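Engineer: Please find one structure pasted underneath; my questions will follow.
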Amino acid sequence: MKKILIHGSGHKASSWEKTVAHMENRCDILCPELCSLLNGKTASYANLYDSFVRYCNAIDGPVHLCGISLGGILALNYALDFPEKTKTLVLIGTPYKIPKLAFAFQNMIFRFLPESVFENMAFNKKDTFLLGNSMKSLDFGGRLQNIKCPVLVICGEKDTANRKAAHFLSGNMKNAKLKIIENTGHIVNEEAPGILAEILNEYYGLHRE
């Protein structure tokens, strides 16, 4: 059964490399490049999610979904819409709705950053703004009780922006468990790849086919 690891907006698929290197059954792991999934379409959330749905639905049978930040939002959205295709769900540093004040502050900072800063991010400067603006009204809080598959919510101890959301997610989904990783910030897959891989190996071992 395939495991799909989805990166966030601030990174590329390569951000999973160190974590994957410590994981078991690596031949079953897929790390899609979100920008490539769009295949030239406008960088809106609707287009990105539609592309992600087609990517997942093209895989035979249920899948294990694991996403961080934007990747977690996509994974959560998919699990809600396609419960029969979602074997397990892992959400890392993932908000269940877009925090408007934090988002506005982030956008203000981004406006002053040169284009070169975005070269190592999922999307260029223009597309980062387009995507972000299209996500302002996202809020899955009222639908979380509809998630039936096993869920693991992970958050770095130092990820203060998402800790509250992590507790809310784990407390509002029936089969959810929460794991806080000590001395780690938002980018868990790069800051603590070995620890994350150990957690994922154990979790997937409990939910084999």
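Engineer: Please give me, ordered by residue number, the GluC sites (Glu not before Pro) of segment 105-206 that lie in loop per DSSP and have at most 10 other Cβ atoms within 10 Å.
Structural biologist: On the way: sites: GLU115, GLU119, GLU157, GLU182, GLU190, GLU191, GLU198, GLU202; in loops: GLU157, GLU182.
For GluC sites (Glu not before Pro) across segment 105-206 that sit outside H, G, I, E and B with at most 10 neighbouring Cβ atoms in 10 Å, the list reads GLU182.
Engineer: Got a sec? Charge dipole of the chain, +1 on Cβ for Lys and Arg, -1 for Asp and Glu; which of GLY67, PHE82, PHE123 is way out at the positive end?
Structural biologist: PHE82
Engineer: Return the carbon/sulfur percentage of the accessible area of the chain, one whole number, probe 1.4 Å, all protein chains in place. Each step should come with its number before you reach the end.
Structural biologist: Numbers: 5360 of 10260 Å².
About 52 percent, which is the carbon plus sulfur part of the accessible surface.
Engineer: Let me ask something additional. Any of LYS87/LYS174; LYS3/LYS97; LYS126/LYS164; LYS126/LYS177 with alpha carbons more than 26 Å apart? Name them for me.
Structural biologist: Too far apart for the 26 Å limit: LYS126/LYS164; LYS126/LYS177.
Engineer: What net charge is computed for the residues neighbouring LYS158, neighbours being all others with C-beta under 10 Å from the C-beta of LYS158, Lys and Arg scored +1, Asp and Glu -1?
Structural biologist: -3
Engineer: Any idea what the dipole of segment 1-64 comes to, in debye rounded to 20, about its Cα centre with Lys/Arg Cβ at +1 and Asp/Glu Cβ at -1?
Structural biologist: That gives segment 1-64 a dipole magnitude of about 100 debye.
Engineer: Something else: Relative contact order of segment 121-191, please, whole-number percent, based on alpha carbon pairs below 8 angstrom and at least 6 residues apart.
Structural biologist: 32
Engineer: Spin-label point model (7 Å from Cα, Cβ direction): what's the GLN145 to ARG54 distance in nm?
Structural biologist: Using points 7 Å along Cα→Cβ, the separation is 3.6 nm.
Engineer: Once phi is turned into ³J(HN,Hα) by the Karplus curve 6.51 cos²θ - 1.76 cosθ + 1.60 with θ = phi - 60°, what whole-Hz value does each residue of segment 176-192 show in order, with x for glycine and proline?
Structural biologist: 9, 10, 10, 10, 9, 9, 5, 6, 9, x, 6, 8, 4, 5, 10, 7, 9
Engineer: Give me, ordered by chain and number, the residues 5 or more places off ILE29 or on other chains with an amide H under 5 Å from its own placed amide H.
Structural biologist: Placed amide hydrogens put LYS3 under 5 Å from ILE29.
Engineer: Another question, then. Determine the calculated [θ] at 222 nm for the chain from helices alone, applying -39500 (n - 2.57) to every DSSP H run no shorter than 4 residues and normalising by the residue count; nearest 500 deg cm²/dmol.
Structural biologist: Details: 9 runs with 85 residues, N = 209.
After summing the helix terms and dividing by residue count, I get -11500 deg cm²/dmol.
Engineer: Collect residues whose amide H, placed 1.01 Å from N in the peptide plane, falls under 5 Å from the amide H of ILE181; neighbours closer than 5 in sequence don't count.
Structural biologist: Here CYS155, GLY156, GLU157 satisfy the definition.
Engineer: At what distance in nm do the modelled label points of ILE180 and ASP28 sit from each other, each positioned 7 Å from its Cα along Cα→Cβ?
Structural biologist: 3.2
Engineer: Now a separate question. Within a Cβ distance under 10 Å of ILE92, other residues only, what is the Lys/Arg minus Asp/Glu net charge?
Structural biologist: Working: positive: LYS179; negative: ASP159.
Net local charge, ILE92 excluded: 0.
The values are calculated or read from the model by the stated rules, or taken from the named source; none is laboratory data. Being a predicted model, the structure only gives us computed values, none of them experimental. With ideal geometry, Cβ positions are generated from the backbone for all residues, glycine too; neighbour counts draw on all protein chains shown. Each accessible area value is taken on the protein alone, full model and side chains, heavy atoms only, with ligands, DNA and RNA left out. Shrake-Rupley method; radii C 1.70, N 1.55, O 1.52, S 1.80 Å.
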